[in-house]
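**Student:** Questions regarding the structure given below will be posed in turn.
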Amino acid sequence: MKPRDRFLTALNKGIPDRVPIWELIIDEPVLSTILRKEPTKTTSEKLRRYCELVDFLNMDGVTWGEDQLMKKSGDTLIDEWGIVWRPNVSGILYPVKGPIKSIEDIKSYSPPDPDASHRLESLGELIDRFRGERAVVFLGHEVFEFSHYLLGGMDKLFRLYYFNPELAIQLAEKVSEYKLRVIERAIKLGADAVVCGDDYANDKGPLIAPKLFNKFLLPYIRKAVDLVHRLGKPYIKHTDGDIRLILKGLIDAGIDALHPIEPAAGMDIAELKRLYGDKICLIGNIDCGKLLSECSPKDVVEVVKETIAKAAPGGGYILSSSNSIHPAVKPENFLAMVNAAKKYGVYPISESLIAEYSRRNFYSKLYPRFFS
């Protein structure tokens with residue numbers, strides 16, 4: 001099977017020739033360390049190196065988002081939305097300030113142009129490089145994260161939900177209109193699938209009560225899912241944390257897959273496979289918090305074998321980390337994960353592997369609060 005066919009077969013809940021391998025993000029310095037190159041900060045060079053690494057590891061899917069023009073201001077960057085970002089020591093950007101300060105700002109605010117010519121330049125390069133060979137997944141968003149980025153904090157968005165719900169919806173509509181248009185353009189450009197990356201939970205559960213989630217967020221998830229499906233592509237929902245209280249709503253909204261199934265938040269992939277394996281593809285669950293960052297390659301191989309034994313039988317599983325390959329991940333552990341997936345993820349999955357490893361629980365050592 002070609003990598004693209006392998007990825008899309010699993011994403012559609014089928015059985016490929018082996019478990020596909022994919023990552024949402026592969027950050028510096030892991031990327032450059034594996035390639036034995038000096039770290040880079042330029043977008044064009046990061047894209048080239050990313051493509052080189054994907055080829056080197058023979059991964060089945062690739063991911064890229066939209067391009068944003070940035071203006072430098074001291075030690076921060078300001079994007080086209082007016083959101084201020086500050087890089088951490090590894091160069092990863094985090095939002096620190098939003099442009100919306102008042103009710104009048106919400107009413108008058110206009111997002112940037114989703115049809116700007118530069119918006120999907122990098123994605124276009126990725127599609128040209130891998131078209132027909134590897135699955136190209138476009139990274140988009142719904143409305144939650146960009147709404148609180150614009151306001152300058154999640155607390156401000158929650159207060160808006162409570163004190164002025166009509167304005168919260170007005171803001172969400174503006175964000176949604178932009179994000180849907182960019183997703184539409186990405187698919188028409190040639191993306192094979194879409195992953196939307198708003199996070200709704202932490203290790204204690206949803207950040208917002210399910211009733212409010214259903215009112216303020218779920219309608220926009222449905223809009224995004226419906227658009228992607230109308231254009232004939234599958235929809236992957238990314239959200240960190242323990243999302244069990246809102247998972248049924250996500251499935252009812254029509255998502256095709258769930259990523260990243262975070263063990264550090266108590267997400268049990270065996271339970272999800274049993275409950276929802278006939279409804280959605282499962283993606284992830286290889287812990288990037290402690291396992292890939294602190295443990296040995298031998299431990300990583302054991303977890304990969306265990307995860308494959310629990311999630312891969314019957315198809316509908318794509319192996320990846322439980323969030324991303326972030327700068328703290330040991331390169332040797334990432335390589336061990338990829339190589340073990342290729343070795344033990346061949347279909348039909350070994351009956352002896354399933355019998356032995358489906359009963360194990362390595363995460364009980366790392367996260368005894370959840371797995372004991």
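**Student:** Looking for whichever is open to solvent by 40 Å² or more (accessible area, probe 1.4 Å) and under 20 Å from the mean Cα position of the chain (by Cα) here; the options are Y344, Y276, Y317. Which one fits?
**Tutor:** Result of the check over Y344, Y276, Y317: Y276.
**Student:** Report, ordered by the first and then the second residue, all pairs with beta carbons closer than 8 Å, sequence separation of six or more or different chains, a first member in segment 4-17 that is modelled with pLDDT of 95 or more and part of a helix (DSSP H, G or I), and a second member that is of a type in the set (K, R) and surrounded by fewer than 22 Cβ atoms within 10 Å (Cβ to Cβ).
**Tutor:** R6/R18
**Student:** While we're looking at this one, here's another question. Considering only segment 29-39, I want to know if a residue exists there that is closer than 28 Å to L272 by Cβ, under 19 Å from the mean Cα position of the chain (by Cα) and surrounded by fewer than 17 Cβ atoms within 10 Å (Cβ to Cβ).
**Tutor:** Taking every residue of segment 29-39 in turn, none turns out to be closer than 28 Å to L272 by Cβ, under 19 Å from the mean Cα position of the chain (by Cα) and surrounded by fewer than 17 Cβ atoms within 10 Å (Cβ to Cβ).
**Student:** Got at least one residue in segment 184-192 being open to solvent by less than 30 Å² (accessible area, probe 1.4 Å) and closer than 18 Å to I261 by Cα?
**Tutor:** No, there is no match, as no residue in segment 184-192 is open to solvent by less than 30 Å² (accessible area, probe 1.4 Å) and closer than 18 Å to I261 by Cα.
**Student:** Please name all residue pairs, on different chains or six or more residues apart, with Cβ atoms under 8 Å, provided the first residue is in segment 346-359 and is touching a residue at least 40 places away in the same chain (Cβ under 8 Å) and the second residue is among the hydroxyl-bearing types (S, T, Y) and surrounded by 11 or more Cβ atoms within 10 Å (Cβ to Cβ).
**Tutor:** The qualifying pairs are L353/Y344.
**Student:** Can you name every residue in segment 135-171 that is under 18 Å from I221 (Cα atoms) and not in a helix (DSSP H, G or I)?
**Tutor:** V137, F138, L139, G140, H141, E142, V143
**Student:** Quick one: count up the residues across segment 28-54 that are at pLDDT below 90 and among the basic types (K, R).
**Tutor:** 1
**Student:** If you don't mind, another one. Can you list the helices (runs of 4 or more DSSP H) found entirely within segment 207-285 that contain at least 1 residues being over 25 Å from G314 (Cβ atoms) and out of contact with any Phe, Trp or Tyr (no Cβ under 7 Å at 6 or more places or on another chain)?
**Tutor:** 210-216, 218-230, 244-252
**Student:** With respect to P114, determine if the residue is within 30 Å of N12 (Cβ to Cβ), open to solvent by 40 Å² or more (accessible area, probe 1.4 Å) and either in contact with a helix residue (DSSP H, G or I) (Cβ under 9 Å, 6 or more places away or on another chain) or without any contact (Cβ under 8 Å) to a residue 12 or more places away in the chain (or both).
**Tutor:** Against the criterion (within 30 Å of N12 (Cβ to Cβ), open to solvent by 40 Å² or more (accessible area, probe 1.4 Å) and either in contact with a helix residue (DSSP H, G or I) (Cβ under 9 Å, 6 or more places away or on another chain) or without any contact (Cβ under 8 Å) to a residue 12 or more places away in the chain (or both)), P114 does not qualify.
**Student:** Answer yes or no: is there a residue in segment 357-365 that is closer than 22 Å to T63 by Cα, of a type in the set (A, V, I, L, M, F, W, C) and in contact with a helix residue (DSSP H, G or I) (Cβ under 7 Å, 6 or more places away or on another chain).
**Tutor:** Checking segment 357-365: not a single residue is closer than 22 Å to T63 by Cα, of a type in the set (A, V, I, L, M, F, W, C) and in contact with a helix residue (DSSP H, G or I) (Cβ under 7 Å, 6 or more places away or on another chain).
**Student:** Another question, if that's okay. So which residues in segment 280-300 are over 19 Å from S372 (Cβ atoms) and in contact (Cβ under 8 Å) with a residue 60 or more places away in the chain?
**Tutor:** Residues satisfying the conditions are I280, C281, I283.
**Student:** Another one. Counting just the residues of segment 87-111 that are under 22 Å from S32 (Cα atoms) and open to solvent by 50 Å² or more (accessible area, probe 1.4 Å), which one comes out modelled with the highest pLDDT?
**Tutor:** My answer is Y94.
**Student:** To continue, here is another question. Among the listed residues V62, V54, identify the single one that is assigned to a strand (DSSP E or B) and open to solvent by less than 20 Å² (accessible area, probe 1.4 Å).
**Tutor:** V62
**Student:** Need the failing condition index for D299 against (1) touching a Lys or Arg at 6+ places or on another chain (Cβ under 8 Å); (2) open to solvent by 10 Å² or more (accessible area, probe 1.4 Å); (3) of a type outside the set (F, W, Y), just the number.
**Tutor:** So the condition that D299 fails would be (1).
**Student:** In segment 23-46, how many residues are in contact with a helix residue (DSSP H, G or I) (Cβ under 9 Å, 6 or more places away or on another chain) and either within 22 Å of C288 (Cβ to Cβ) or assigned to a loop (DSSP other than H, G, I, E, B) (or both)?
**Tutor:** 15
**Student:** For segment 133-160, which residues satisfy the criterion of being without any contact (Cβ under 8 Å) to a residue 60 or more places away in the chain and surrounded by fewer than 20 Cβ atoms within 10 Å (Cβ to Cβ)?
**Tutor:** Selection gives E145, G152, G153, M154, D155, K156, F158, R159.
**Student:** Now for a different question. I need a count of the residues in segment 117-132 that are touching a Cys at 6+ places or on another chain (Cβ under 9 Å) and open to solvent by less than 50 Å² (accessible area, probe 1.4 Å).
**Tutor:** Counting residues in segment 117-132 that are touching a Cys at 6+ places or on another chain (Cβ under 9 Å) and open to solvent by less than 50 Å² (accessible area, probe 1.4 Å) gives 2.
**Student:** Suppose we filter A172, A209, A270 for residues that are among the small types (G, A, S), open to solvent by less than 20 Å² (accessible area, probe 1.4 Å) and more than 18 Å from the chain's Cα centre (by Cα); which single one remains?
**Tutor:** A172
**Student:** Could you grab me the full set of residues in segment 91-134 that are among the hydrophobic types (A, V, I, L, M, F, W, C), assigned to a strand (DSSP E or B) and more than 17 Å from L47 (Cβ to Cβ)?
**Tutor:** Scanning segment 91-134 gives a single hit, V96.
The values are calculated or read from the model by the stated rules, or taken from the named source; none is laboratory data. The shown structure was predicted, so the numbers you read here are calculated from the model rather than taken from an experiment. Reconstructed Cβ throughout: ideal geometry from the backbone, glycine too, with neighbour counts over all protein chains shown. Protein only, heavy atoms only, side chains kept; ligands, DNA and RNA dropped before computing areas. Shrake-Rupley method; radii C 1.70, N 1.55, O 1.52, S 1.80 Å.
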